[in-house]
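The values are calculated or read from the model by the stated rules, or taken from the named source; none is laboratory data. Bear in mind that the values here come from a model prediction, so they are computed numbers and not experimental data. FYI the Cβ positions are ideal-geometry reconstructions off the backbone, even for glycines, and counts take in every protein chain you see.
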Amino acid sequence: MSIEPSWYLIVSAIMFTTGAVGVLIRRNILVMFMCIELMLNAVNLSFVTFDRMLGGLGGQVSVFFVLVVAAAEVVVGLAIILAIFRRRSSLDADQVNLLRW
Amino acid sequence: MTAETAFFVTAALAVVAGVAMVLNRNAVHCALLLVGSQIALAILFLLQGAFFIAALQIIVYAGAIMILFIFVIMLLGVDQKELLIEPLKSQRSIAVGLGVLLISEAMYLLVSDFVTDGIVASDPVVAGQGNVEEVARVLFTKWAFPFEVTSILLVVAVVGVMVLAKRGIGEQT
């Protein structure tokens, strides 16, 4: 029995769905942000798997760029969370309702 | 331990840690579970021969980024408890329903071989040279321009964070 590439893709799909559901059901902004990281990680696993299936190392270079973008995104996102916390003293996403009708 | 055993153990670890992260109410526990999930993912990368990416995953994700998360959790107070009541009615059930829809779509694509049709898995380890040399060669030749552009992205991110996080002049606390 050998490890099929589609098994990795199944793991990736399950982790992506977990992250997506987490963003929808959690209300702590920090944990929602962590769920986004989980989704990025799942996509990285897909990239590496497709890279192995297709060859050419383009997928692994894409993972590298995803890592760079994720680092920049985390820094900016945490700064925004910090700014929200200064104004609202809360990490609840429902408190940020200025643009709600 | 064979590669299959390693795959099943680490895949189960990654998925279980991810699900537990979504269900856990304590933000610090969530961060630690996410670190566990990311380390399991790094082992999955190793199993596929992506050694450089596996090292990056542990150093950048499980190391730097999660330290940043823990730092902000500690800065903002670890005692912030999430309320269990739902302000929006049936939000959670709708979210879980959408998640089931998403996973069934993905599984249908995989089962119907729409994604993987006609693709033959190649040897995970690149023969002759190591994975790091191969990735470096591709990164600095074919992908050299995008690589340079990411430096602009990082500079913009650093400047933006300074603008976002600094208090106004004369503003109290």
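At a glance:
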item	result
Selection within region B:41-65 - surrounded by fewer than 23 Cβ atoms within 10 Å (Cβ to Cβ) and touching a Leu at 6+ places or on another chain (Cβ under 8 Å)	B:Ala54, B:Leu56, B:Val60
Among (1) at pLDDT 90 or above; (2) hydrophobic (A, V, I, L, M, F, W, C); (3) within 15 Å of the chain's Cα centre (by Cα), the one test that A:Val61 misses	(3)
Number of the condition not met by A:Gln60 [criteria: (1) touching a helix residue (DSSP H, G or I) at 6+ places or on another chain (Cβ under 9 Å); (2) more than 21 Å from B:Phe147 (Cα to Cα); (3) of a type outside the set (Lys, Arg)]	(2)
Residue within region B:126-135 that is under 25 Å from the mean Cα position of the chain (by Cα), surrounded by 14 or more Cβ atoms within 10 Å (Cβ to Cβ) and at pLDDT 90 or above present	no
Test result for B:Ile70, under 27 Å from A:Tyr8 (Cα atoms) and either acidic (Asp, Glu) or at pLDDT 85 or above (or both)	no
Count of region A:41-51 residues which are farther than 16 Å from B:Ser37 by Cα and either surrounded by fewer than 23 Cβ atoms within 10 Å (Cβ to Cβ) or touching a Gly at 6+ places or on another chain (Cβ under 7 Å) (or both)	4
Given (1) more than 7 Å from every other protein chain (Cβ to nearest Cβ); (2) at pLDDT 90 or above, number of the condition A:Gly56 does not satisfy	(2)
Residue within region A:81-95 that is among the acidic types (Asp, Glu), at the interface with chain B (Cβ under 7 Å from one of its Cβ atoms), out of contact with any helix residue (DSSP H, G or I) (no Cβ under 8 Å at 6 or more places or on another chain) and in contact (Cβ under 8 Å) with a residue 24 or more places away in the chain present	yes
Hey, B:Ile94 surrounded by 13 or more Cβ atoms within 10 Å (Cβ to Cβ), modelled with pLDDT of 85 or more and more than 23 Å from the chain's Cα centre (by Cα) or not	yes
Qualifying position, being crowded, with 22+ Cβ neighbours inside 10 Å and either part of a helix (DSSP H, G or I) or at negative phi (or both), among A:Leu38, A:Leu82	A:Leu38
Of residues in region A:1-27 being of a type in the set (S, T, N, Q) and surrounded by fewer than 23 Cβ atoms within 10 Å (Cβ to Cβ), the one farthest from B:Asp113 (Cα to Cα)	A:Ser2
Set A:Asn97, A:Asn44: member being modelled with pLDDT of 85 or more and polar (S, T, N, Q)	A:Asn44
